[in-house]
Amino acid sequence: QVQLVESGGGLVQAGGSMRLSCAASGGTSSMGWFRQDTGKEREFVAFISREGSITYYGDSVKGRFTISRDNTKNTMFLQMNDLKPEDTAVYYCASRTGLVEISDPSRYVFWGQGTQVIVSS
């Protein structure tokens, strides 16, 4: 059983930066970040493979967000720069195996409880 705990959310002004963390227990695997705003579908944000050698980003965050991980600490990160009001959402980390359909949330097995990010204009 994998347990995931996100942290680092909060309120930031547009153009600012924020770093989210996801602490994992129960082993390491490929992981991803998703987000969901009220009334919207869960959106893929970023993916990182188990060893960190493969990363992939959703179109809306490319060039602004960076996913990384420190396997010595069983922690994954999401560095978010140049934040926009449309980035406002609850951000979730999730873990899975394999590299098929990495943007599909149904492919992820374990999920954290989410952390709220609010970007003010």
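Details
- Other residues within the sphere of radius under 13 Å centred on the Cβ of Ser95, judged by their own Cβ, net out at +3 (K and R +1, D and E -1).
- Kirkwood Rh in Å, taken over all unlike Cα pairs in region 1-42: 12.7 Å
- Largest first and in whole Å, the equivalent-ellipsoid semi-axes of the chain read 22, 14, 14, each the square root of five times a Cα gyration tensor eigenvalue.
- Near Asp37, the amide H atoms lying under 5 Å from its own belong to Val90; only residues 5 or more places off or on other chains count, and H is placed 1.01 Å from N.
- Computed over region 44-105, the P(r) curve from all C-alpha pair distances, binned at 10 Å from the origin, holds 19, 56, 24, 1 percent per bin.
- Candidates per trypsin sites (Lys or Arg not before Pro) in region 59-121, loop by DSSP, up to 16 other Cβ within 10 Å: Lys62, Arg64, Lys73
- Distance from the alpha carbon centroid of region 58-79 to that of region 88-115 works out to 13 angstrom.
Only the coordinates and a few stated rules stand behind these numbers; no lab work does. In this text, all values refer to a predicted model and were calculated from it rather than measured experimentally. Glycine gets a Cβ as well: all are built from the backbone with ideal geometry, and neighbour counts include every protein chain shown.
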